[in-house]
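Following: one structure in C-alpha cells, then a few remarks.
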Amino acid sequence: MKMTRVLVAVALALMVAGIGAWSERADAQGQTIKIGVLYDHSGPFSAAGSLNCWRGAKMIIDYINERGGVLGKYKIVQVDGDSQSKAEVAINEAERLLNVEKVDILAGIYSSAHAVPLAEKVDKQKKFLWITTAIADAVLKDRNLQYTFRPQANGGLFGENSVKYVAHYAQDKLKKAPKDVRVAIIYEDGPYGTGVAAANEAEAKNQGMQVVLKEGFSIQAPDSRVSRPARNLIAPAFAFSCRNARTSAAPNRRIVATSSGNSPAFPLTPSVPNSCAIV
C-alpha cells in the first residue's frame, strides 16, 4: 500500500508538471521537464523506507518517458538529491536542486522533520513542492502555504483511524469491549511521530481504552526498540507503533503500526506471528 501511494502521488506530480506554465518553459528547454527528486539515500531513513520511495519515483518517471513523456511530448529529466536523513542536508539539497539545477518542481521528502522547514522555505521562493510521503499534520496545518502540495491523508488521520480499527474489531477478535483493551503508544519524537501519537491517545480515550504507556524515542535512533520496563508494562496491550514495527515489537504482542516505513516488516518478524496489522 505504501509503495502504491508513492507511485500514484509521483504520477500526479508528473501530470501537474506537464501542464500550464511548464509547457512554455519546457519548450524553451528543448521539450524536457526537470523534476528534483529528494529522498534519503543514506542514514536511518533510507532503510526505513525512503530509498524505496525513490525507487518508486524512478519507476514512474521511466514509465512516463518510455511512453513519450508527459502529454506524449515532454520528456522528464530526473535530478536526484540525497537528504542523508538530516534536516539541514535536506534544506541544502533542496536549495541546490531549485537554484542550481533549476528544476521545475521539487518532489519527494520522506521525513516530516525535513518537510516542516522545507515547505516554508520553498514556498517563500514561490517554487512548487510536491510531498509524496511525509504525513505530519504540522507540515501544512495553519501555515497557508500556496506552493506546497501533499495528496495523501495527514498523520492525525492515520493515528485516529488505527485506533478506530482496533475498537471496531476488539469484541470479535479479542473478545473484549474497547474499554477493556489496554494500549501502549510508542512513537518517534519528531513532528510525524508526536502528531500521530497525539491522535492515537485522543481517540483511545474517546473509545474508552486504557492507555498504559506513551513512550517516545529519538527521531535519530537507529530503531524504535522500547525500554525493558516498558515491554513488561505493555503485556497484554495493543501497541501503536509510529515507526518500524520490526524493532518496536514486544514478543507476542499485537502491534498496529502507523506508517511503519518498511512494509515487509511483518511477514519477516518471527516474534509477532500472525498478530500484526499495518494501518
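Read the figures in this text as sums done on the coordinates, not as results from a lab. What you see is a predicted model, and the numbers here were worked out from it, not measured in a lab. Glycine also receives a Cβ, built like all others from the backbone with ideal geometry; neighbour counts cover every protein chain displayed.
Remark: for residue pairs Lys75/Lys124; Lys34/Lys75; Lys34/Lys58; Lys34/Lys102; Lys164/Lys205; Lys86/Lys141, the C-alpha separation exceeds 18 Å in Lys75/Lys124; Lys86/Lys141. The Glu120 and Tyr165 beta-carbon pair, evaluated with R₀ = 41 Å, returns a calculated FRET efficiency of approximately 0.80. Backbone amide hydrogens, once placed in the peptide plane, bring Phe217 within less than 5 Å of Tyr187, Glu188, Asp189, excluding anything fewer than 5 places away on its chain. Separation of region 158-219 and region 49-82 by C-alpha centroid, Å? First find each Cα centre; the distance between them is then 37 Å. The mean sequence distance of close C-alpha pairs (under 8 Å, at least 6 residues apart), as a share of the length of region 90-158, puts its relative contact order at 29 percent. Put simply, the amide H of Asp80, placed in the peptide plane, has neighbours under 5 Å in Val37, leaving out anything fewer than 5 places away on its chain.
Partners of Lys126 within straight-line reach, counting aspartates and glutamates whose Cα lies under 19 Å from its Cα and excluding those fewer than 8 residues away in the same chain: Glu24, Glu93, Glu95, Glu101, Asp104, Asp142.
Treating r as the C-beta distance of Asp189 and Gln31 and R0 as 51 Å, the FRET efficiency rounds to 0.65. Per-residue Cβ neighbour counts within 10 Å put Glu66, Glu201 in the sequence Glu66, Glu201, beginning with the fewest.
Mind sorting Asp104, Asp62 by how few other Cβ atoms lie within 10 Å of their own Cβ, fewest first? In order of increasing Cβ crowding within 10 Å: Asp62, Asp104. Using a simple spin-label model with pseudo-atoms 7 Å out from Cα toward Cβ, Arg96 and Lys73 lie 3.3 nm apart. The ranking of His114, His41, His168 by Cβ neighbour count inside 10 Å, starting from the fewest, reads His168, His41, His114.
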